[in-house]
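Novice: After the structure tokens below, expect a handful of questions from me.
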Amino acid sequence: MPKALQVQLVDQAVITRLVDLAPRPLLPGQVRIAVAYSSINFKDYLACQYQGGVIRHYPMVPGIDASGVVIETADPHFHVGDQVLISGYEFGVSEPGGYQTEVVIEARRVLALPDGLTLRTAMVVGTAGLAAWLAVDAISNQGVLDHQAPLLVTGASGGVGSLALAFLSALGYQDNTALTRQTKLDEQLTNLGATELIDANQWQALPAKPLLTGRYQALIDTIGGKLTGQALAQLKPRGLAALVGNAASNELPTTVLPFILRGISVAGIDVVNLPMVERVAAWTAIGQIWGQVNYPYVQEVALADLSAMLARFNKQTHFGRFLVKVNDI
């Protein structure tokens, strides 16, 4: 029988359990996938917290991405043996996600594995890497940005931030500042492409002004909250901010002054409802550049041990990417 890590709500507490699931029948337009890998994203951590704001009904199988092999198909676009990946939409949120040995899903939400990626490396990238790439792509397409432009990545020790640094370095950007609370990671972040590290705690002393000295031409922000407002105030004229996440807060304390006096722009990065044509293009681009990306900071965990790992995973202490090995494929 298929196995899954399931989150359940018991007496106003969320618990995780490894359970057996009854096989689901395959309907027209669906495919059955033997899952090889998934990953742990911050959203998956929230899915296992009481009132984490992710899971809409219980029980649920979390895991917002997965890679694997088609083992049964009722759709002409896929064949048995095809290597595929899944990310986004309601996967792992309101529909069973990647933390299970078999996934039954509509074929229109499945991507063929791009050239340049394996089932494993696709989940080293995962949803976090897709978000990072979209943010990097947004600022790379800014007309005034060159490879010597000073860039800022917040939350640099997390999955999105660390992969953003690696992508920027692979693309040749040479002035990448990493903002992090994990000050002991200077060697690792430098290896990923950071040329300067800033302790996020030091920014608490910055004056509460709507505009600060312009230091950065572009921002990739993964955290939200006060630090994001301070980062926006330090963007140079015609700067661009790609807003990716809310690891610290959903709030954004700022004013209109950076926008109307410096002409900065904001790009919102949405990986949940990204149209499939754009999703395929992004994954294709990731596959094309992945051979040039230096990203060694990956920890693997078996499905049977995932519950314990999720209990320890949090935004203050984790670094790099956590790969979930679901099946030996």
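Novice: Note down the magnitude of the dipole of the chain about its Cα centre, charges +1 on Lys and Arg C-beta and -1 on Asp and Glu C-beta and zero elsewhere, to the nearest 20 debye.
Specialist: 680 debye
Novice: Please give the Cα centre distance for segment 30-102 versus segment 112-128, rounded to the nearest Å.
Specialist: Centre-to-centre distance over Cα atoms comes out at 14 Å.
Novice: Continuing with the same structure: Could you check how much of the accessible area of segment 110-232 is carbon and sulfur, as a whole percent, using a 1.4 Å probe?
Specialist: On the way: 2090 of 4300 Å².
Result for segment 110-232: 48 percent of the exposed heavy-atom area is carbon or sulfur.
Novice: Before anything else, pin down the relative contact order of the chain: Cα pairs under 8 Å, at least 6 apart, normalised by residue count, whole percent.
Specialist: 19 percent
Novice: According to the square roots a ≥ b ≥ c of the eigenvalues of the Cα gyration tensor, what is the shape class of the chain, taking rounded for a/c under 1.5, prolate for a/b larger than b/c otherwise, and oblate for the remainder?
Specialist: Cα axes put the chain in the prolate bin.
Novice: Taking a virtual spin label 7 Å from the Cα of Leu171 along the C-beta vector, which residues in segment 210-249 bring their backbone nitrogen under 13 Å of it?
Specialist: Under cut-off, by backbone N: 218-221, 240-243.
Novice: Extending each Cα 7 Å along its Cβ direction at Ala112 and Glu196, get the distance between those two points in nm, one decimal.
Specialist: Each label point lies 7 Å from its Cα, and together they span 4.5 nm.
Novice: For the chain, what is the accessible area per residue in Å² when the probe is 1.4 Å? Each step should come with its number before you reach the end.
Specialist: Working: 14050 Å² over 329 residues.
Heavy-atom SASA per residue in the chain reads 43 Å².
Novice: Turning to a different aspect of this structure: In degrees from 0 to 90, rounded to the nearest 10, what is the angle of the helix 119-140 Cα long axis to the longest principal axis of the chain?
Specialist: So the helix axis and the longest Cα principal axis differ by about 30 degrees.
Novice: For the chain, give the share of DSSP beta bridges that are antiparallel, in percent and rounded to the nearest 5; count only bridges with both residues there.
Specialist: In the chain, DSSP labels about 55 percent of beta bridges as antiparallel.
Novice: Label Asn327 and Gln49 with points 7 Å out from Cα along Cα→Cβ: what is the distance between them in nm?
Specialist: Label-label distance for Asn327 and Gln49, simple model: 3.2 nm.
Novice: Roughly to the nearest percent, how much of the accessible area of segment 10-108 is carbon and sulfur, given a 1.4 Å probe?
Specialist: C and S atoms contribute 53 percent here.
Novice: Rounded if a/c is under 1.5, else prolate if a/b beats b/c, else oblate: with a ≥ b ≥ c from the C-alpha gyration tensor eigenvalues square-rooted, which is segment 47-177?
Specialist: Oblate, because a/c is 1.5 or more while a/b does not exceed b/c.
Novice: Next question, about the same structure. When the chain is treated as a GNM, springs tying every alpha-carbon pair under 10 Å, which of Leu206, Leu306, Leu151 comes out with the largest mean-square fluctuation?
Specialist: Most flexible of the set in this elastic network: Leu206.
Novice: Between segment 141-180 and segment 262-311, how far is it from one alpha carbon centroid to the other, in angstrom?
Specialist: Taking the Cα centre of each part, segment 141-180 and segment 262-311 sit 15 Å apart.
Novice: In a Gaussian network model over the chain where Cα atoms closer than 10 Å are linked, find which of Leu168, Leu192, Leu27 has the largest mean-square fluctuation.
Specialist: Leu27
Novice: Given a Förster distance of 45 Å, report the FRET efficiency between Leu257 and Arg312 from their Cβ-Cβ distance, rounded to the nearest 0.05.
Specialist: 0.60
Novice: Which residue, Thr118, Thr101, Thr154, tops the fluctuation ranking in a GNM of the chain built on C-alpha contacts under 10 Å?
Specialist: Thr118
Novice: Test of understanding: what is the full-extension gain from Asp186 to Ala13, defined as 0.36 nm times their sequence separation minus their Cα-Cα distance?
Specialist: Here the answer is 58.6 nm.
Novice: Calculate, in nm to one decimal, what Val277 and Arg238 gain on full extension: separation in residues at 0.36 nm each, minus their alpha carbon distance.
Specialist: Between Val277 and Arg238, full extension yields 11.1 nm more.
The values are calculated or read from the model by the stated rules, or taken from the named source; none is laboratory data. Nothing here was measured: the structure is a model prediction, and the numbers come from that model. Every residue, glycine as well, gets a Cβ built from its backbone with ideal geometry; the counts of neighbours run over all protein chains shown. These accessible areas exclude ligands, DNA and RNA; they are computed on the full protein's heavy atoms, side chains included. Shrake-Rupley method; radii C 1.70, N 1.55, O 1.52, S 1.80 Å.
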